[in-house]
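Engineer: Structure below; questions to follow.
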Amino acid sequence: MRSIREGGSRNGGVRGLPLSPTLPHKAGGSAPFARKNPGSIMILFPAIDLKNGQCVRLEQGDMARATVFNLDPAAQAQSFVAQGFEYLHVVDLDGAFAGKPVNAQAVEAMLKTIRIPVQLGGGIRDLATVEAWLAKGITRVIIGTAAVRDPELVKAAAKKFPGRVAVGLDARDGKVAVEGWAETSQVTVLEIAQRFEDAGVAAIIFTDIARDGLLKGLNLDATIALADSISIPVIASGGLASIEDVKAMLTPRATKLAGAIAGRALYDGRLDPAAALNLIHDARRS
Ligand code: AMZ
């Protein structure tokens, strides 16, 4: 078990928009995609995964199956902003394997370039690293491995930085994978998620590893089942393939979900950002 180190208490600059996926939302409405949960809105997060300072997509989290999509992550981030996205999802893949930040330079370059909120995961395993990223302008940190191995870290961080700590739970055969998904733990997603019910965690980002990077469609059934079992907002990740996934996210059965992460579908051009964001904005207005 890792020890929790106390760092400085500087509170980082919050970049404009939503700290948590639960934003004020106009209640009511009867459009086909109306969301009945007045406490949440759907956010579509474009993903930037960093490997060797470059922007890549993996297949099922396998570093040997990486496609480089952009040599310049800051330019990629800027392009997502220009497309109208509101909140960026960034993973330091080398960091997730190393257990500490590795692509910090690329992340900092992104933070200097864009002004929308950024959530960042990968290698965030102690309080000092949480604090350092929040101080640098990351809006919300994502904790994966340490949520399994060192749950007290998540609790301490969420207490100290309310609304700014998310938990990343990545499932392989129902069990949570850790250390860059190189290891599979013996615990289920629900078991881990329940540990944090009262901890003030902003969101659970649930990834179905079997689908990740393979454009198989989101695993909405499992994601909704998780969201129905806990009160923490849940964000769906892994496999988002087309506008059909976005539509499904906006149907009444998915109202509890707080968002979805889009990766390869955006890079491959299979998901038109304007069409996706229009649907989401229409749903918010309804
Ligand atoms: O694709 C992978 N192999 C991978 C990945 N995308 N491994 C970890 N991660 C992401 C998780 C989470 O956002 O989805 O890294 C974050 C967790 O990192 P850590 O270091 O806290 O376990």
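The values are calculated or read from the model by the stated rules, or taken from the named source; none is laboratory data. All figures in this text were calculated on a predicted structure; none of them were measured in a lab. Note that we place each Cβ from the backbone using ideal geometry, even for glycine, and neighbour counts take in every protein chain shown.
Engineer: If only one of Leu120, Leu134 is under 15 Å from His89 (Cα atoms) and surrounded by fewer than 24 Cβ atoms within 10 Å (Cβ to Cβ), which one is it?
Structural biologist: Selected residue: Leu134, the only one of Leu120, Leu134 that is under 15 Å from His89 (Cα atoms) and surrounded by fewer than 24 Cβ atoms within 10 Å (Cβ to Cβ).
Engineer: Give me the helices (runs of 4 or more DSSP H) completely within the range 48-162, filtered to those with at least 2 residues that are polar (S, T, N, Q) and more than 10 Å from the ligand (Cβ to nearest atom), ordered by residue number.
Structural biologist: Counting at least 2 such residues, we get 73-82, 104-113.
Engineer: On to the next question. What about Gly213, is it modelled with pLDDT of 95 or more, touching a helix residue (DSSP H, G or I) at 6+ places or on another chain (Cβ under 9 Å) and at positive phi?
Structural biologist: No; evaluated as a whole, the condition is false for this residue.
Engineer: Further question on the same structure: Quickly run through the range 170-227 and pick out the residues that are away from the ligand (no atom under 12 Å from the Cβ) and aromatic (Phe, Trp, Tyr).
Structural biologist: Once the filter is applied, which keeps residues that are away from the ligand (no atom under 12 Å from the Cβ) and aromatic (Phe, Trp, Tyr), the range 170-227 yields only Phe196.
Engineer: Related question: Checking the structure you have, find out if any residue of the range 212-223 is touching a residue at least 12 places away in the same chain (Cβ under 8 Å), surrounded by fewer than 23 Cβ atoms within 10 Å (Cβ to Cβ) and part of a helix (DSSP H, G or I).
Structural biologist: yes
Engineer: Six or more apart or on different chains, Cβ atoms under 9 Å: show the pairs whose first residue is in the range 141-164 and in contact (Cβ under 8 Å) with a residue 24 or more places away in the chain and farther than 11 Å from Gly200 by Cβ and whose second is of a type in the set (Ser, Thr, Tyr) and crowded, with 19+ Cβ neighbours inside 10 Å.
Structural biologist: Val141/Thr129
Engineer: For the range 247-283, what are the residues that are closer than 19 Å to Ala222 by Cα and surrounded by fewer than 14 Cβ atoms within 10 Å (Cβ to Cβ)?
Structural biologist: Those that are closer than 19 Å to Ala222 by Cα and surrounded by fewer than 14 Cβ atoms within 10 Å (Cβ to Cβ): Pro252, Arg253.
Engineer: Within the bounds of the range 152-159, is there any residue that is farther than 19 Å from Gln119 by Cα, surrounded by fewer than 17 Cβ atoms within 10 Å (Cβ to Cβ) and charged (D, E, K, R)?
Structural biologist: Yes: the range 152-159 contains one or more residues that are farther than 19 Å from Gln119 by Cα, surrounded by fewer than 17 Cβ atoms within 10 Å (Cβ to Cβ) and charged (D, E, K, R).
Engineer: Just give me the residues in the range 228-239 being within 13 Å of the ligand (Cβ to nearest atom) and either β-branched (Val, Ile, Thr) or assigned to a strand (DSSP E or B) (or both), in sequence order.
Structural biologist: Residues satisfying the conditions are Ile235, Ala236, Ser237.
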